[in-house]
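J.: Here it is, the structure, as structure tokens.
The values are calculated or read from the model by the stated rules, or taken from the named source; none is laboratory data. These numbers come from a predicted model, not from an experiment. Neighbour counts are summed over all protein chains in view; Cβ atoms, including those assigned to glycine, are modelled from backbone coordinates with ideal geometry. Keep in mind that these areas ignore ligands, DNA and RNA; they rest on the heavy atoms of the full protein, side chains included. Shrake-Rupley method; radii C 1.70, N 1.55, O 1.52, S 1.80 Å.
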Amino acid sequence: MSNFLSSSIGKKLIMSLSGLFLVVFLLVHLSINLLILFDSTGGLYNEAVHFMGTNPLIKVMEPVLAIGFIVHIVYATILTLQNQKATPTKYNVTQKTKTFSWASKNMYILGFAVLAFLVLHIIQFYVKMKITDTAPIVEATGGHDGYKLVTDLFTQHGTLSYVYCAVYVLAGILLGLHIRHGFWSAFQTIGWNNYTWKSRLFTLATIFAWVIAIGYSILPLYMTFFL
Amino acid sequence: MADKILKKLYIKVWRQKNANTKGKFETYEIENISQGSSFLEMMDIMNESLVAKGIEPVAFDHDCREGICGMCSLYINGRAHGPDTEITTCQLHMRRFEDGETITIEPWRVGAFPVIKDLIVDRRSYDKILHAGGYINVNTLGNLPDANNILIPYEDYEEAMDAAACIGCGACAASCKNSSAMLFVAAKVSHLAKLPQGQVERENRAKAMVAKMDELGFGNCTNTGACEAECPKSISIAHIARLNREFLSAKIKD
């Protein structure tokens, strides 16, 4: 295993495994978000917020998740730099070759856009709940009122709420595009692909990307326009 | 029916004296090219007209001119081996071009394939990858065994043959935005991994060839699929998945 991590396939394996790990996080996050749709008093959502804030397993996973993000970003940067170095001269006539998707050629840019959104998202939620402790409190339990925090963001800021809504929807779409290529790509890199599974993985990735994009876009839209 | 004649073409071509000089594009006008002629015949006609004018002819790689040797390269109008799929440049015909068109011809742009002269690039890095493990060791002393003694399942034989169709032309790396040689390496590894003769050196082969590929400065595959689309032998990226599998399982056993 000596030089495994310095090999091209080794680095790509790290990308794929960290990517799949982040995908699991996205699914957990999304399923909690969707609770808002099922209880307009916010009680159900706040229970989940309370659980996520106090459960010891989640507390352990928090730094692991942060490491997952960092590893994914650091290795993406290393690979992208190496790839640019491998192609010192560009073609004069722009490439007309058909690739699988536009996303496949722009994963780093898409990833960067998602990262920029992530910073905003952390400032708007994580910082208020975990660091500055300025998030509203539920009187009865003393826990954070995540429901009020999120609905305020999309309803109480006037025009800015519409801007936030647009940013969150855009982020959902970009994340969907990133996953459309990243999801099947992860399996390809691990080696779990062949003639038959290629089209199956494409279909799975497309469905999954839509679930993520729609799932994450539907909430800001719902809160901005229907609450 | 007689082929249509392209009255005038503008050939914008990369000129570079040698590996150490800076190159630039030159545009040459040529007249009366039959649409029935092949692309390389058009290049020959152009070169003859250049010689007549006292200009040095454009250097380009070519050999068998029947799509089997992998020698011809050329990045034509933004695509490796030109606008058709599943062909090499020598199989491309002038009927794919219009009268009065400007055709841009560039050499492969891959860091590991430096330009030697004009449109000729040094593709010996592919040979070096092969030398690292793309072969089987056989003892040729004594009687040859009967070929039919080694039975190979039909599906395995078909897949091995699909991979073995690789002619090492370099279109995969040339079309890849990362200049990755993964499809080439995958084809060679996959071809031998599918056959009984390739089993002995199987693990070492994957490790050695990938290590050599990385060492030579080819990029990392990001699964864009450009290689598969431009491969004249349409080798599938399913072989890249097999290469990944071979490499990872060999590394885990280390």
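J.: Can you pull out every residue in the range A:158-180 that is under 26 Å from B:Ala186 (Cβ atoms) and in contact with a Phe, Trp or Tyr (Cβ under 7 Å, 6 or more places away or on another chain)?
T.: If the condition is that a residue be under 26 Å from B:Ala186 (Cβ atoms) and in contact with a Phe, Trp or Tyr (Cβ under 7 Å, 6 or more places away or on another chain), then A:Ile179 is the only one that fits.
J.: Looking at the range A:148-202 only, could you name the residues that are away from chain B (no Cβ under 14 Å) and on the phi > 0 side of the Ramachandran plot?
T.: A:Gly158, the sole residue that qualifies.
J.: Taking B:Glu159, is it more than 22 Å from A:Phe187 (Cα to Cα) and within 13 Å of chain A (Cβ to nearest Cβ)?
T.: So B:Glu159 does not fit the description; no.
J.: Which of the residues that make up the range B:241-254 are at the interface with chain A (Cβ under 7 Å from one of its Cβ atoms) and aliphatic (A, V, I, L, M)?
T.: B:Ala241, B:Leu248
J.: Which fully enclosed helices (runs of 4 or more DSSP H) of the range A:1-64 have 1 or more residues being open to solvent by less than 50 Å² (accessible area, probe 1.4 Å), among the hydroxyl-bearing types (Ser, Thr, Tyr) and more than 14 Å from every other protein chain (Cβ to nearest Cβ)?
T.: Output list reads A:8-33, A:43-54.
J.: Could you count how many residues in the range A:142-160 are part of a loop (DSSP other than H, G, I, E, B) and out of contact with any helix residue (DSSP H, G or I) (no Cβ under 9 Å at 6 or more places or on another chain)?
T.: Residues flagged as part of a loop (DSSP other than H, G, I, E, B) and out of contact with any helix residue (DSSP H, G or I) (no Cβ under 9 Å at 6 or more places or on another chain) within the range A:142-160 amount to 3.
J.: With the condition kept exactly as written, say whether any residue in the range B:124-138 is at pLDDT 95 or above, in contact with a strand residue (DSSP E or B) (Cβ under 7 Å, 6 or more places away or on another chain), within 24 Å of B:Lys177 (Cβ to Cβ) and open to solvent by less than 50 Å² (accessible area, probe 1.4 Å).
T.: yes
J.: Continuing with this model, one more query. Quick check: is even one residue across the range A:126-136 over 27 Å from A:Thr41 (Cβ atoms) and away from every other protein chain (no Cβ under 14 Å)?
T.: The answer is yes, given that some residue of the range A:126-136 is over 27 Å from A:Thr41 (Cβ atoms) and away from every other protein chain (no Cβ under 14 Å).
J.: Which residues, counting only those in the range B:20-50, are assigned to a loop (DSSP other than H, G, I, E, B) and open to solvent by 60 Å² or more (accessible area, probe 1.4 Å)?
T.: Within the range B:20-50, B:Asn20, B:Lys22 meet the criteria.
J.: Could you tell me how many of the residues in the range B:1-19 are over 23 Å from the mean Cα position of the chain (by Cα) and open to solvent by less than 30 Å² (accessible area, probe 1.4 Å)?
T.: Qualifying residue count for the region: 2.
J.: Considering only the range B:9-31, I want to know if a residue exists there that is within 24 Å of A:Lys96 (Cα to Cα), of a type in the set (A, V, I, L, M, F, W, C) and away from chain A (no Cβ under 14 Å).
T.: Yes, the conditions are met somewhere in the range B:9-31.
J.: Which members of the range A:179-224 meet the condition of being among the hydroxyl-bearing types (Ser, Thr, Tyr), touching a residue at least 40 places away in the same chain (Cβ under 8 Å) and open to solvent by 20 Å² or more (accessible area, probe 1.4 Å)?
T.: Selection gives A:Tyr216, A:Tyr222.
J.: Check off (1) modelled with pLDDT of 90 or more; (2) part of a loop (DSSP other than H, G, I, E, B) for A:Lys98 and give me the number that stays unchecked.
T.: Exception for A:Lys98: condition (1).
J.: Restricting to the range A:120-141, name every residue that is without any contact (Cβ under 8 Å) to a residue 60 or more places away in the chain, over 24 Å from the mean Cα position of the chain (by Cα), within 23 Å of A:Phe38 (Cα to Cα) and part of a loop (DSSP other than H, G, I, E, B).
T.: A:Pro136, A:Glu139, A:Ala140
J.: Turning to a different aspect of this structure: Here is a list of conditions, (1) assigned by TED's automatic domain parsing to the domain that holds B:Ala211; (2) buried (at least 17 other Cβ atoms within 10 Å of the Cβ), and B:Pro107 meets all of them except one; can you say which number that is?
T.: Of (1) assigned by TED's automatic domain parsing to the domain that holds B:Ala211; (2) buried (at least 17 other Cβ atoms within 10 Å of the Cβ), only one is false for B:Pro107: (1).
J.: Just checking, does the range B:80-91 include any residue being away from chain A (no Cβ under 14 Å), assigned to a loop (DSSP other than H, G, I, E, B) and exposed (fewer than 15 other Cβ atoms within 10 Å of the Cβ)?
T.: No, every residue in the range B:80-91 fails to be away from chain A (no Cβ under 14 Å), assigned to a loop (DSSP other than H, G, I, E, B) and exposed (fewer than 15 other Cβ atoms within 10 Å of the Cβ).
J.: Could you list, in sequence order, all residues of the range B:51-72 that are in contact with a strand residue (DSSP E or B) (Cβ under 7 Å, 6 or more places away or on another chain) and surrounded by 18 or more Cβ atoms within 10 Å (Cβ to Cβ)?
T.: B:Val58, B:Phe60, B:Asp61 - these are the residues of the range B:51-72 that are in contact with a strand residue (DSSP E or B) (Cβ under 7 Å, 6 or more places away or on another chain) and surrounded by 18 or more Cβ atoms within 10 Å (Cβ to Cβ).
J.: Same structure again: Could you please find all residues in the range B:197-235 being more than 10 Å from chain A (Cβ to nearest Cβ), farther than 18 Å from B:Trp108 by Cβ and not in a helix (DSSP H, G or I)?
T.: Across the range B:197-235, the qualifying residues are B:Gln199, B:Val200, B:Glu201, B:Ser234.
J.: Return the residues of the range A:78-95 that are outside any helix (DSSP H, G or I) and either more than 7 Å from chain B (Cβ to nearest Cβ) or among the aromatic types (Phe, Trp, Tyr) (or both); say none if nothing qualifies.
T.: The answer is A:Tyr91, and nothing else.
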